[in-house]
Every structure is written in C-alpha cells, then in structure tokens.
Amino acid sequence: MSSTTLPHNYLENKSGVLYIDGVSTIKLAEIFDTPLYVLSENRIRENFRRLRETLLKHYEKIRIYYSAKANTSLAVLKILESEGSYLDAVSPGEVFLAFKAGFQPERILFTGTSVRDDELKFLIDSNVTINIDSLSQLKRLLKLHIPEKLSIRVNPEVGAGHHEHVITAGKNSKFGIWEADVLEAYRMAKNAGVKQLGIHMHIGSGILTIKPFLLAAKKLLEIACKIHEKLGINFEFIDFGGGLGVPYKPDEKPLDVERFAERMLNLFKDKIKEYDLGKPFFCIEPGRFIVCDAGILLTRVNTLKVTPFKKFIGVDAGFNTLIRPVMYGSYHPIVVANKLNAPEEEVYDVAGPLCESGDILARDRLLPKISEGDLLAILNAGAYGFSMSSQYNSRPRCAEVLVRNGEYALIREKEKFEDLVRGQKIPQWLN
Ligand code: LLP
C-alpha cells in the first residue's frame, strides 16, 4: 500500500492535492465544473523544445510538423505556432483552424485521404502544401491546378502502432501510394511542371521502439533514391511522419528520444550522401508526443456501487469525453486528485454516465478508498482526448482550461443544451 506517485514534474502533490503547472485541480474543478480538460502550457513547450533541440544536435535542416488532430484547440495551436512549429493538417477544417491560430500557409502540410475535389480547391486557394495519398487524388489535383510544391505519401510497407486501428502502413492500410506506383506519381507531377517535391510516410501511432521507424525510413530512402535516379528529382524535404509514443502504463518505458534522433538522423545523413540526394529538410509530424502528457481530464465521482463482483466508481466523464479506453482498450493512469497521500487499497472499475456497458474508463484499478464527491484525474489525456470527444447521449462537450505557472484561463467553454440543437431544423410538415 503506497500513496500515489506522479509521473511528471509539472504535476505536483501539495498536501495531498494534485496541482498542475502550479494550479490546484480542486480549484479548477470548482470554478469550471467537471468533466474538464486541463492542459499545461509549459509542458507543451517543453515537449516541443526537447524534441527540436535533440534533432538539431544531428542535422540543421529540421522541420517539426505538429499533428493537429491530437489537439486542435486554438490556444494549443497558437503555442506551437509561437514555438516555430509547422503543422500537419488532415482536413480543410484543420487548415481553417491553423489559419485562425496564425499559421502561414507555407508552414502547413495537408495530408488527407479520400479527398474530394471541392476540398482540393479549398487547399489550392489556401496555398498550403498538399501531400498526395493516391494516383486518383494526384490526377484530379493536376487537372485543377499545377502547384509550385507538392509531396507524395508513400506506403513503406512497414507499419506499427499501439493498436490495429492506428497502423497506417503495410498490406491492410488504406494510406499512401505503393512503391509500384510511386515513380508514376512523381513522373506525372514533374511533367505537369511541379517545381519542388517532397516525399512522405507515416507508419502508425503510439510507437515506443525505434526499430519500426528505422526499417520504414530505410525503405522510404531507397524509394527516394530510385526516384532521384530515374527522374532526377532533388527532394526539398523527406517527411518521416509522426507516431512517437508516450508511455501510459506503469511498466512502459518512454521512447528514447536521444537515440531516436541519433539513429534516424545517422541513417538519414548516410543515405542522402550515399544516394546523392543533396540536403533535404528532415521532417517529422508528432502529435501525441507534444500534447499527450501535457493534459489531464478531471472528472467527479457521483456514485459508488458495489455489486457481488465489482466496485464501480460512477464519474461524469464517459467515452463521449475520452474515447480511447473504449476504442482501443487504452490504459490511462488515474489518480485521486484530492487524496494523493492516501494509501492505494481498493480495486475499482471506473464507469462513465453513458447508457452503454462499454462505457468504462478503467478496469480493476488500485486506488485510495473512494467517496462520492472525490475528484479523479485521468492522466495523459492531452492527445486524442478532447479532439475525439462527442455529444453522444446528448451530453454537451466539456470545457478546456490552459494553465501556466499558477495562472489559468478558459480556452474552450463547455457546451450548453442549446449546442445540442444548433443547426437542427424541424421540417415544416412535422409542425
Ligand atoms: N501524421 C499523420 C499523417 C498521421 O496520420 C498522424 C496520426 C500523425 C502524423 C500523428 O501521429 P502521432 O504522433 O500523434 O502518433 N486516435 C489515435 C491516434 C490516431 C493517429 C492518427 N494519425 C489514438 O488516440 O491513439
């Protein structure tokens, strides 16, 4: 029986209460209500800087594209814009949000799949760089417009990830262009008059070992070599995608970022030299790595229920608020924010308020003895938390708060009942 240990130094135990970036979680829950996402600005900046500095030790032409889908809140985008980040967008909506946060089009790479013609037109008008996912998309784009700059996403045939749903390369993947068609794609782009070209891969998400990155990168570089040899293309950038994992379970080890940078960039430098590829930018697209451990989800216990088999803690956040445990079977650390000094002595299931048996945030968790009214903090909730939330069961989405050195600010209001009917219309014949 030990009391709670906290995984990061921006999370603190002050007399048994969880503080994030100098702010009491109890106070935040009182002011803004629960469920509530809380993000630490310092941790976001720290994660970004740590990665950039580590990469820069090995090569000077580095670009980090923050993968916006992990957390698209304007305040988060603004923080990363101010850090000099580039941005990976996957939908016109993300491009729109990136502009709102002040990103210039030159700093945005659009990587979509199943992209419609009207979306292509929007991207052309927006002047962002388009990363092509299929020959169909390329043909349709070139009919509409010949861009100055273009990139092509390759399927490097090596995929990895924390769950089948997040593996984005290899045989079953819908993403990217296979090697057999890649040359054709670049030939079309070159012949059409595209001046600057990039090459891209993204193999999956939540990867904690370096090996899959290296294997896929090797393959991508070989493909780049062939294209260079056959078509004389000098790549402006080579983009190795996102996927840098973060540990969630107590026994998981963090990705060794120093080694990741060293191994990836040594391979990159060796191969661009060997293949005579000049000096392209080395790009990566982390989402989770930047924001995951900067965010927590606060949720209040409203019910305790003991059955012959289980002790359930009923809380006010369900898979409408955080879908990862249900969608991928993901584990998120949970602490009792008002009882950090209490011994962990009871095993509970943490259940949300939705009318679905699957609405369970955690099973068989060892926690301090819980009372109704206690405040739970679900950790590592900054990535794919709010951005995947929904109004399922007609529950308005929750608020988001940003904290920094003891200061806090609401960055997204919680939705109201009116938001449940926004845009809805009742046909005249029903009235
Ligand atoms: N680049 C591309 C083209 C991507 O599709 C993704 C993520 C990323 C970068 C960023 O990956 P990251 O560094 O965050 O792993 N909802 C899932 C993750 C899906 C990721 C989809 N693509 C989850 O909650 O685990």
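Computed quantities for the displayed model
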item	result
Criterion (closer than 21 Å to ASP256 by Cβ and out of contact with any Asp or Glu (no Cβ under 9 Å at 6 or more places or on another chain)) met by exactly one of ALA180, ALA192, ALA185, ALA217	ALA217
Restricting the stretch 223-248 to residues that are of a type outside the set (Gly, Ala, Ser) and in a loop (DSSP other than H, G, I, E, B), the residue that is surrounded by the most Cβ atoms within 10 Å (Cβ to Cβ)	PHE240
Pairs, first farther than 15 Å from ASP118 by Cα and more than 16 Å from the ligand (Cβ to nearest atom) in the stretch 76-97, second at pLDDT 95 or above and small (Gly, Ala, Ser), C-beta under 6 Å, six or more apart	LYS78/ALA101; GLU81/ALA101; GLU81/GLY102
Any chance THR299 is within 16 Å of the ligand (Cβ to nearest atom) and surrounded by 19 or more Cβ atoms within 10 Å (Cβ to Cβ)	no
In the stretch 172-222, the residues that are basic (Lys, Arg) and in a helix (DSSP H, G or I)	ARG187, LYS190, LYS211, LYS218, LYS219
THR34 being buried (at least 19 other Cβ atoms within 10 Å of the Cβ), within 30 Å of GLY373 (Cβ to Cβ) and modelled with pLDDT under 95	no
Total residues in the stretch 314-350, condition over 22 Å from GLU415 (Cβ atoms), within 12 Å of the ligand (Cβ to nearest atom) and assigned to a loop (DSSP other than H, G, I, E, B)	4
Residue in the stretch 145-159 that is within 18 Å of PHE268 (Cβ to Cβ) and not in a strand (DSSP E or B) present	yes
Yes/no for ASP251 being in contact (Cβ under 8 Å) with a residue 40 or more places away in the chain, among the acidic types (Asp, Glu) and either within 12 Å of the ligand (Cβ to nearest atom) or not in a helix (DSSP H, G or I) (or both)	no
Of residues in the stretch 146-172 being in contact with an Asp or Glu (Cβ under 9 Å, 6 or more places away or on another chain) and free of Cβ contacts under 8 Å to residues at least 40 places away in the same chain, the one farthest from the ligand (Cβ to nearest atom)	LYS171
Where a residue in the stretch 207-222 is surrounded by fewer than 21 Cβ atoms within 10 Å (Cβ to Cβ) and its partner, wherever it lies, is in a helix (DSSP H, G or I), with Cβ under 7 Å and at least six apart	ILE210/ARG259; ILE210/PHE260; ILE210/ARG263; LEU214/ARG263; LEU214/MET264; LEU214/LEU267; LYS218/LEU267
Subset tally (residues that are among the hydrophobic types (A, V, I, L, M, F, W, C), over 25 Å from LYS78 (Cβ atoms) and assigned to a helix (DSSP H, G or I)) for the stretch 108-140	4
Selection within the stretch 12-36 - in a strand (DSSP E or B) and touching a residue at least 24 places away in the same chain (Cβ under 8 Å)	ASN13, VAL17, LEU18, ILE20, VAL23, LEU36
CYS292 being in contact with a helix residue (DSSP H, G or I) (Cβ under 9 Å, 6 or more places away or on another chain) and within 17 Å of VAL246 (Cβ to Cβ)	yes
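The values are calculated or read from the model by the stated rules, or taken from the named source; none is laboratory data. Note that the coordinates shown come from a computational prediction; the quantities given were computed from them, not determined experimentally. For neighbour counting, all protein chains shown are included, and Cβ atoms are generated from backbone atoms with ideal geometry for every residue, glycine included.
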